[in-house]
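Undergrad: Below is one structure. I have some questions about it.
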Amino acid sequence: MKILIVNTLYYPNGVGGAPRSVQFLAEALVKAGIDTIVVCIKPYAKTHTVNLNGVKVYYVGLKNIYWPSNIKGNFTFLKPLWHGLDSYNLLMVREFGHILDKENPDVVHTNTLIGFSVAIWHEVKIRHIPLIHTLRDHHLLCPRTTMFKNGCNCDSQCLDCRLYSYTKKLASSQVDIVVGISRYILDCHLNFGYFTKSEKQHIIFNSFNAQHIPTYQRRRNQNIQFGYIGQLLPTKGIEVILQILKRIPFKNWTLWLAGTGNDKYVRMLKDRYDLPNVHFMGFTQPEEFFTKIEVLLVPSLWHEPLGRIVIEAYAYGVPVIGSNRGGVPEIIDHGKTGFIFDPGNLESLEATIRLFIDNQNLSKRMHPAILEKAKNFLPGRIANKYLSVYKKMHETN
C-alpha cells in the first residue's frame, strides 16, 4: 500500500505540533512496511525530493505573493490578498497533480493545508483516490487559525472568517473520512457545517516518541518545580500562572518559563512579575526543560485543538495542570495524570498548585499512571489506528 501525506511543513523546516506529528506518523508507517510519501511546501520555486528516514519527501515551492514568515512592517496590508489566494490556490494545483500522477497513491491523507489550499482536494477526487483529512487546527474556519479575537474565544465565525473560509467549507464535501486530533476540534468543524458528506469521523490523538527519556528527580528539601513551555503569548495564559504564584510564599515553589514571544510582551512580564523564583529560560529544548520540572502548567485561555505538550509531558513522566479549554481536558485523567482547572476561576488553579506544594510526593505517586498513559500516544500505536482506516478506505474504493 502507498500512502501520500500532505502537510504545510515537514522536517527540517517544520516548527510546532503538526509537522512533528506528521513526521512521527510517516516514519512509523515506514517501520510498518508502508510505502510513505510526504508532500510539503518550501519558500523556493523548484520542487525537489529527498529521502528522510525512509520517507520520500517532496518539497514544493509556494506559489503565493510572499512566504508567510517574511511579511513584516508596512507590508502587512498584503495579508488579505495572501489569504484570499490561499482560500483556493489554483497556482498550487498543477504541480500537486503531477506528483499524484507520478506516485499513484492508494490513499491521500491531508493535514494542515496552508499554502496548498483545499484546491488540491479536487485533484485527488478527479483521480478517484480515497481522501482522508486530519483536523489539526482551526485553519479551515479562521485565517488566523485560532478562532480567538479581542481577548476572547470566538463562538461564531466573524464576517471575515466566513468570507475567507467559504470555498473551504464547500470543498470539505469532497473528503471521504475526516479525523480530529480531539473531539473538540472535530465537533467545532462539524457544528459549522463542514464535512457534511464525509462517510465517517474518527478521533485519533497526536503521537510522541516516549522511549529512553529521563525523568526529573526532586532533590531533598527543594521546593516544587513548576514549568511552562511554549510561546509566551497572552492567549497562552502565562499571566494566570504568575498572578496565582504571587500569592504563594516564594520558599514553596520555583517556576521555569521556557519559550519566546513578542519582545515588548516578555519585557512587560518580567517587569510586572519580578519574582525571585521565576526563571525565563528563552528557547529551550524539551529534553533540558523537562528534566528541571516536576509539574507542567498548561493554562491556555484559547481553545487549543489538543495541547500536544501534555502528551510530551507524559513521555517524561510529568503530571499536568491543564486548562479546561479546547482539547486539553480530553487527554488529562483528572486526579490520575494531572488536574483540570478553569482559567476563568483563579481559585481553582491556586487550589491545585497548593495541592502539589502541600503533598510533596504527589507527582511521584502519579508517575506510574502517567507513564502508562504515555503508551497510548506512541507513534506505532497512532500509526496503527491510521493504518486501519487507510486499509478500509483502500478495500472499499
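Any read-out appearing in this document is the output of simple, stated calculations on the displayed coordinates, not a laboratory observation. The structure displayed is predicted, hence computed values, not measured ones. All Cβ positions, even for glycine, are placed from backbone atoms using ideal geometry, and neighbour counts span all protein chains on display.
Undergrad: Take the chain, connect every pair of alpha-carbon atoms lying under 10 Å apart with a spring to form a Gaussian network, then pick out the residue of Ser87, Ser156, Ser172 with the largest mean-square fluctuation.
TA: Ranking Ser87, Ser156, Ser172 by mean-square fluctuation puts Ser156 first.
Undergrad: Calculated FRET efficiency, Glu372 and Glu287, Cβ-Cβ r, R0 22 Å, to nearest 0.05?
TA: In this case the efficiency is close to 0.50.
Undergrad: Whole Å is fine, so just give me how far the alpha carbon centre of segment 77-156 lies from that of segment 353-397.
TA: So the two Cα centres are separated by 28 Å.
Undergrad: Can I ask one more? If r is the Cβ-Cβ distance from Asp35 to Asn262 and R0 is 41 Å, what FRET efficiency results, to the nearest 0.05?
TA: For R0 = 41 Å, the calculated efficiency reads 0.40.
Undergrad: Along Cα→Cβ, 7 Å out, is where each label goes; now give me the distance between the ones at Thr76 and Asn324 in nm to one decimal.
TA: 3.5
Undergrad: Relative to the Cα centre, what is the charge dipole magnitude of the chain, using +1 at the beta carbon of each Lys and Arg, -1 at the beta carbon of each Asp and Glu, and rounding to the nearest 20 debye?
TA: 340
Undergrad: Turning to a different aspect of this structure: Give, as a single signed number, the net charge of other residues whose beta carbon lies under 15 Å from the beta carbon of Ile99, with Lys and Arg counted +1 and Asp and Glu -1.
TA: Spelling it out: positives minus negatives among the neighbours equals +2.
Undergrad: In addition: For the chain, give me the percentage of DSSP beta bridges that are antiparallel, rounded to the nearest 5 percent.
TA: The antiparallel proportion sits near 15 percent.
Undergrad: A further question follows. How much length would be gained if the chain were fully extended between Lys391 and Arg162, taking 0.36 nm per residue of separation minus their Cα-Cα distance, in nm to one decimal?
TA: Between Lys391 and Arg162, full extension yields 78.9 nm more.
Undergrad: In addition: Dipole of the chain (Lys/Arg Cβ +1, Asp/Glu Cβ -1, origin at the Cα centre): which of Gly227, Val55, Thr112 lies farthest to the positive side?
TA: Gly227
Undergrad: Set the Förster distance to 35 Å, then compute FRET efficiency between Asp358 and Asp271 from the Cβ-Cβ distance, nearest 0.05.
TA: 0.70
Undergrad: Find me the longest stretch of the chain that has none of the exposed trypsin sites (Lys or Arg not before Pro), where exposed means in a DSSP loop (not H, G, I, E or B) with at most 11 other Cβ atoms within 10 Å.
TA: With trypsin sites (Lys or Arg not before Pro) excluded where exposed in loops, the chain gives 248-397 as its longest stretch.
Undergrad: Using a Gaussian network for the chain with springs between C-alpha atoms less than 10 Å apart, which of these wobbles most: Leu78, Leu242, Leu255?
TA: Checking each option, the largest mean-square fluctuation is seen for Leu78.
Undergrad: On full extension of the chain, what length is gained from Asn51 through Glu239, given 0.36 nm per residue of separation minus the C-alpha to C-alpha distance?
TA: 63.3 nm
Undergrad: Turning to a different aspect of this structure: Just to be sure I understand the model, the point goes 7 Å from the Cα along the line to the Cβ. What's the resulting Leu190 to Glu350 distance in nm?
TA: Distance between the two pseudo-spin positions: 4.0 nm.
Undergrad: Report, in deg cm²/dmol and to the nearest 500, the calculated mean residue ellipticity at 222 nm for the chain, where each DSSP H run with n ≥ 4 adds -39500 (n - 2.57) and the sum is divided by the residue count.
TA: -10500 deg cm²/dmol
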